[in-house]
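A short write-up of the structure that comes next.
The values are calculated or read from the model by the stated rules, or taken from the named source; none is laboratory data. The model shown is predicted, which means the values in this text are computed figures rather than measured ones. In this analysis, Cβ positions are derived from the backbone assuming ideal geometry, glycine residues included, and neighbour counts consider all displayed protein chains.
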Amino acid sequence: MKLRPPRIRYTDLHYRMRVAIILLSLCICSFAKRGTTPEDYFAFETIGDPHLSPNGHEVAYVLTTIDQKKNRRISSIWLVSADGQSAPRRLTSEGFDATSPRWNPDGTKLAFLSTRNVEEGGRPQIFILPIAAGGEATQLSHLKNGLNSIEWSPDGQRFVALSRTGPSDTVTERKSDVRHYSRISYKFNDTGWYDDKRSHLFVIDALKGDAKQITNGNDWNDTDPQWSPDSKRIAFVSDRTGKEYDAGHNKDVWVVAAAGGALQAISNHPFDDIQPRWSPDGQRIAFSGQTSRRELPKLYIAPSTGGEAKLAADGLDLIPTVLAWGPGPNELRFDTGVKGQDHVFRVDLTTRRVSPITAGERAVRAFEASEKAGRMIYLANDFRHLDDLYISNLDGSNERQLTHLNTKLWADLDLANVERLRYKSSDGWDIDGFLVKPVGWEPGKKYPMVLSVHGGPAGQYGVDWYQEFQVYAAKGWAVFFCNPRGSTGYGQEFERGIVNNWGGMDYTDVMTGVDAALKSNPWIDADRLGVTGGSYGGFMTNWIVGHNNRFKAAVTLRSVSNFISDDGTRDGAYGHEDDFKGFLFDEFDQYWNASPLKYAKNVKTPTLVLHSDNDYRVPLEQGEQWFRALQHYGVTSEFVIFPRENHNLTRSGEPKHIVESMNWQLYWFTRYLLGDTEVKPPDAF
């Protein structure tokens, strides 16, 4: 439609102001932002595994994008200047996945893993890319079963890598295709049914590619190999009791000569010791370890030739997830989740005190510190951004952002903010809650709210990026989430507050948070509440609708419904004895009393059950039992099964399934939270 000006003089100030307002309005409309959709997932760029060059001038990292047509992720190696003055550039060819970038000691070459050699079955092999001289990458390794977890030796002469070996490597043709097991552990959620191969250490010549296996054994796996500073020895992690496949939990740190030979035990705690890291002089090894199965790990230091391990820090009540030595001989660094954030911490080995290096309402992870370069790199995100790469001084000062991924997408999206909402539990514990306002929130209006419960329960919600929450907010729904007891990031007492208490005080913590959110935000419509969660969050969703009728809609993902059957069919065999009084056989009533299935007759809330057919952590039968019980009692319910997926569907599943999972959630909440009976399920299109 063509605008016609009124018949007044163009010099009229009033008219000119009106024209300016119209033009400004048209301009604003042309750049109007939109809310986040599930399909935005296809456009996201994600970054990982950053490594600083030895001279500190460049950072190599992995960039992952999604090919929607092929329904797969594509990973490539990129390089960015540490001064941030030049745009990142791609190093690896298109059409092939490339991961695990590793600099050689003088920074002239970059090794990485790629599956580009079709003749070797698409298994990852080492490729070497000349950085200083330029040129194409060349393949170095040719291991039959491929390899992973490569580390370049400090002298630049060799690699240590992990590859899988086993009896079938020497058998050309098997007589039977049955699965045959004699141990209690025979499957794992991420990898599926166990085969007869085990993970062991190989040392590979960096020039010729010749490989030598230096550890072996059919009853254990060797992992996390780390070179000594002099390139003569390798520390690694292994449960050498032979009980790993009998549900053992006794990993230890070992050292072996790079040429192979006898092993030297470094740790001897009765439970898991992991993350061995050499001191700069090679005389000591730091590691995180446990003296009981479910205690939070402590940091230890032991002589690298064997001897008594001693605590490295006093009062550590956090979980070190990435451990590194230095800078210097008197400092350790680690990253960890803490009170809804993730940050890098340091341990002063002289004073044995722990202090934070990074700060802020964000999640910092994947750090690497270089004393030689005087710099630290890390990834960081927040509630409104996915990870980007940052660099700082070693003390965290002078932080600069090196990548700006998804910039165009962020410019198009109207993103919601999160507000921290602290409250007291019914018995006085401090609980962190978080509230997301709907996009376009206006005072005086009433809005629905979706409660989301995290998995674990040993996990935490916080200021991380959560696409589902942005999608909910874009639909005009508030989102409340919290960290009830059982969550990590608040110390051991808080995390172990779940013991003998599933569905007890954790449930009360969650519901008290809902009440706190309603009380402090009267714009939330208490008559339009939804609830959702996955894994433990799915358990809590089932538990909530079996114990009250406050919610108008529920979506339960990969949820536990019956501890009796779950404990004998999940990948961890009998995995809940630490959270209950004992094993299923001795505490049958407690397991049944904590099972949502017992209370299915109380459910009135319309419930959507989403589950994966290859979920070995919480098997499909858990979703089946819950859905059939709801159907038996006449509860409005539907059941959606995702093929080919495991327990990690919403994190690492097929891209199209991740998007469809979000659309199923939107469908259910739109229909039963908003009362829209015309909405169609995702499979109707």
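Brief remarks follow.
Okay, residues lined up against (1) more than 22 Å from R420 (Cα to Cα); (2) in contact with a strand residue (DSSP E or B) (Cβ under 9 Å, 6 or more places away or on another chain); (3) hydrophobic (A, V, I, L, M, F, W, C); (4) at pLDDT 95 or above:
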| residue | (1), (2), (3), (4) |
| --- | --- |
| L323 | yes, yes, yes, yes |
| P327 | yes, yes, no, no |
| V344 | no, yes, yes, yes |
| V347 | yes, yes, yes, yes |
| E361 | no, yes, no, yes |
| R365 | no, yes, no, yes |
| H385 | no, no, no, yes |
| L389 | yes, yes, yes, yes |
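- One residue stands out among those in the range 555-597 that are within 19 Å of G455 (Cα to Cα) and charged (D, E, K, R): the one that is surrounded by the fewest Cβ atoms within 10 Å (Cβ to Cβ), which is D578.
- So L311, is it of a type in the set (A, V, I, L, M, F, W, C), touching a residue at least 40 places away in the same chain (Cβ under 8 Å) and under 21 Å from G396 (Cβ atoms): no
- Of residues in the range 215-244 being surrounded by 20 or more Cβ atoms within 10 Å (Cβ to Cβ) and of a type in the set (V, I, T), the one farthest from the chain's Cα centre (by Cα): T215
- The single condition among (1) outside any loop (DSSP other than H, G, I, E, B); (2) under 26 Å from R158 (Cα atoms) that Y245 does not meet is (2).
- Tabulated pairs, the range 660-685, first closer than 12 Å to R528 by Cβ, second modelled with pLDDT under 95 and of a type in the set (D, E), C-beta under 9 angstrom, 6+ apart or interchain: none
- Each residue in the range 653-685 was checked for being under 25 Å from F44 (Cα atoms), over 26 Å from the mean Cα position of the chain (by Cα) and in a loop (DSSP other than H, G, I, E, B), and 2 pass.
- Taken residue by residue, the range 507-527 has no member that is in contact with a His (Cβ under 9 Å, 6 or more places away or on another chain), within 30 Å of F334 (Cβ to Cβ) and surrounded by 24 or more Cβ atoms within 10 Å (Cβ to Cβ).
- Subset of the range 473-491 that is among the polar types (S, T, N, Q) and over 29 Å from P443 (Cβ atoms) - its residue that is surrounded by the fewest Cβ atoms within 10 Å (Cβ to Cβ): T488
- Check on A82, over 25 Å from the mean Cα position of the chain (by Cα) and more than 24 Å from Q470 (Cβ to Cβ): yes
- Among the conditions (1) assigned to a loop (DSSP other than H, G, I, E, B); (2) modelled with pLDDT of 95 or more, S355 misses just one, which is (1).
- Listed by first and then second residue, the pairs with beta-carbon distance under 8 Å, at least 6 apart or on different chains, first residue in the range 75-87 and in contact (Cβ under 8 Å) with a residue 12 or more places away in the chain, second among the charged types (D, E, K, R) and assigned to a loop (DSSP other than H, G, I, E, B), are S75/D97; S76/E94; S76/D97.
- Of the listed requirements (1) in a strand (DSSP E or B); (2) within 30 Å of P154 (Cα to Cα), G337 misses just one: (2).
- The residue list I204, I214 contains one member that is without any contact (Cβ under 8 Å) to a residue 60 or more places away in the chain and either in contact with a Cys (Cβ under 9 Å, 6 or more places away or on another chain) or closer than 30 Å to W103 by Cα (or both), which is I214.
- Condition check for N216: in contact with a Pro (Cβ under 8 Å, 6 or more places away or on another chain), polar (S, T, N, Q) and either over 27 Å from D348 (Cβ atoms) or not in a loop (DSSP other than H, G, I, E, B) (or both): no
- Within the range 32-54, the residues that satisfy the criterion of being over 22 Å from the mean Cα position of the chain (by Cα), assigned to a loop (DSSP other than H, G, I, E, B) and either modelled with pLDDT under 95 or crowded, with 18+ Cβ neighbours inside 10 Å (or both) are A32, K33, G35, S53.
- Some residue of the range 129-142 being in contact with a Lys or Arg (Cβ under 9 Å, 6 or more places away or on another chain) and acidic (D, E): no
- Check on Y194, surrounded by fewer than 19 Cβ atoms within 10 Å (Cβ to Cβ) and closer than 26 Å to V253 by Cα: yes
- Test for D196: is it at pLDDT below 90 and touching a helix residue (DSSP H, G or I) at 6+ places or on another chain (Cβ under 6 Å): yes
- Within the range 628-648, the set of residues being in a helix (DSSP H, G or I) and either surrounded by 23 or more Cβ atoms within 10 Å (Cβ to Cβ) or acidic (D, E) (or both) comprises just one member, L630.
- W410 being out of contact with any helix residue (DSSP H, G or I) (no Cβ under 6 Å at 6 or more places or on another chain), closer than 14 Å to R485 by Cα and not hydroxyl-bearing (S, T, Y): no
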